[in-house]
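A.B. asks: Submitted below is the structure of interest, expressed as structure tokens.
The values are calculated or read from the model by the stated rules, or taken from the named source; none is laboratory data. Keep in mind that this is a model prediction, so the values were computed, not measured. Note: ideal-geometry Cβ built from the backbone for every residue, glycine included; neighbour counts use all protein chains shown.
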Amino acid sequence: MSNKSQIDVLLIEDNPHDVQIVQRLLHRTAVSNSMLANIHVTAVPRLQDALNQRRQDPYDVILLNLYLPDATGLDAFSKLKQSHPKTPVILLSDQTEHQTIMEAVQIGAQDYLSKSDLSTNLLLRTIHYTIERHRLMLELHHRAENLQDQNLALNDFAHTVAHQIQGLLSQMVGYASLVDSHYQEELSIPAKQAVDQIMQSGYKMNNVITELLFLASMRSENIQANLLDNKRILAEVFKRLRYQIRETQAVIKLPESWPTAVGYAPWIEEVWLNYLSNGLKYGSKDGEPPVLQIGYAPEENGMVRFWVADNGPGISKIDQKRLFKAHTRVTSKKIRGEGLGLSIVSRIVKTSGGKVGVESTEGSGSCFWFTLPENLPVQD
């Protein structure tokens, strides 16, 4: 229960008969149970008397009658918790107060006892469990705060390290690009291939770090949705996929203009990156270069649907149902997204207020889509 040799109980009860019963039961408990060397009860008849109590060492538990001369029901409990927020409260009730008791428990009361059922063992057991449960709750709350502080520190550390690695990668890719630009004719074929591989690996590593930073940002509470510039967003995506586009000799068709849509740009960039990356990997058949069509269409519900359509082998109906679930591998030999990227896409779009999906027929390509709100919500 508690390491203290004395258990301090505050009893808020205006009925002298009920006060005597509680004091007698607790005195009997203290005498008969060696675990509790002493139980000290302070009884007051009004809520205001309890609110005026100012102790350096708080009570271990409070027994509260919800119907007092100066306060009743949830109002009495709420005022008491404001004055004694760190002290667990056990409610003393009559059978007619069940609904009020349940509501008080939902907003923080630890337990309740019916006056008609009071006994030595019941009172002892309830006080024991209430104090222990409250101690565990405080410990869990303290640990949760420590974990939150550690997560914030770890998140800051991860961002610092990631940006440092990105800086080193930029230098590495920059020097490789310099060699490729100015010494191309002097390099042997193996040397050219090595320089090209350095640049490709550097960009791929940069993409991985960018996605890790993005995943960390998904936990942030300070995300602000704005009108999106999809033309600019896709330009950044194409930069990140430049080697994959070049390697696959892909043809990517874009719309001539873009509609208004609302979202958090770094998140939506990752959505486009996942769809296009998967299209480049799996959106072709028979050895042909992938042909990706990017498009959009307004919907009647104030949303805009965006899509990436490919000329690949298509996806079976069974696999379509599993694509957006985490850690899922489709039954096809070609594993689209390796089970994680599309689940992240689903989280992003749903958090942004939209939906995701795929339309596909085996042998006729696939069309991956997502929706976003067309306009910012109207402020009241």
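A.B. asks: Looking at 224, 249, which is the one that is surrounded by fewer than 12 Cβ atoms within 10 Å (Cβ to Cβ) and at pLDDT 90 or above?
C.D. replies: 249
A.B. asks: Has the range 173-180 got any residue that is farther than 30 Å from residue 67 by Cβ and touching a residue at least 24 places away in the same chain (Cβ under 8 Å)?
C.D. replies: Within the range 173-180 (the criterion being farther than 30 Å from residue 67 by Cβ and touching a residue at least 24 places away in the same chain (Cβ under 8 Å)), the answer is yes, since at least one residue qualifies.
A.B. asks: Of the residues that sit in the range 42-92 and are part of a helix (DSSP H, G or I) and without any contact (Cβ under 8 Å) to a residue 12 or more places away in the chain, which one is nearest to residue 105 (Cα to Cα)?
C.D. replies: Here the residue is 75.
A.B. asks: Let me ask another. So if I check each of 26, 63, 47, which one is within 21 Å of residue 133 (Cβ to Cβ), in contact with a strand residue (DSSP E or B) (Cβ under 6 Å, 6 or more places away or on another chain) and at pLDDT 90 or above?
C.D. replies: 63
A.B. asks: If you don't mind, another one. Among the residues that make up the range 290-299, is at least one of them small (Gly, Ala, Ser) and over 13 Å from residue 370 (Cα atoms)?
C.D. replies: Looking through the range 290-299, none of the residues is small (Gly, Ala, Ser) and over 13 Å from residue 370 (Cα atoms).
A.B. asks: If you check 176, 153, 191, 109, which single one turns out to be outside any strand (DSSP E or B), of a type in the set (A, V, I, L, M, F, W, C) and in the same structural domain as residue 14 (by TED's automatic domain parsing)?
C.D. replies: 109
A.B. asks: Find the residue count for the range 259-296, including only residues that are part of a loop (DSSP other than H, G, I, E, B) and surrounded by fewer than 17 Cβ atoms within 10 Å (Cβ to Cβ).
C.D. replies: Residues in the range 259-296 being part of a loop (DSSP other than H, G, I, E, B) and surrounded by fewer than 17 Cβ atoms within 10 Å (Cβ to Cβ): 7 in total.
A.B. asks: Cβ-Cβ distance below 7 Å, separation of 6 or more or different chains: which pairs start in the range 105-129 with a residue that is of a type in the set (S, T, N, Q) and end on one that is buried (at least 18 other Cβ atoms within 10 Å of the Cβ) and in a loop (DSSP other than H, G, I, E, B)?
C.D. replies: Matching pairs, first to second residue: 110/88.
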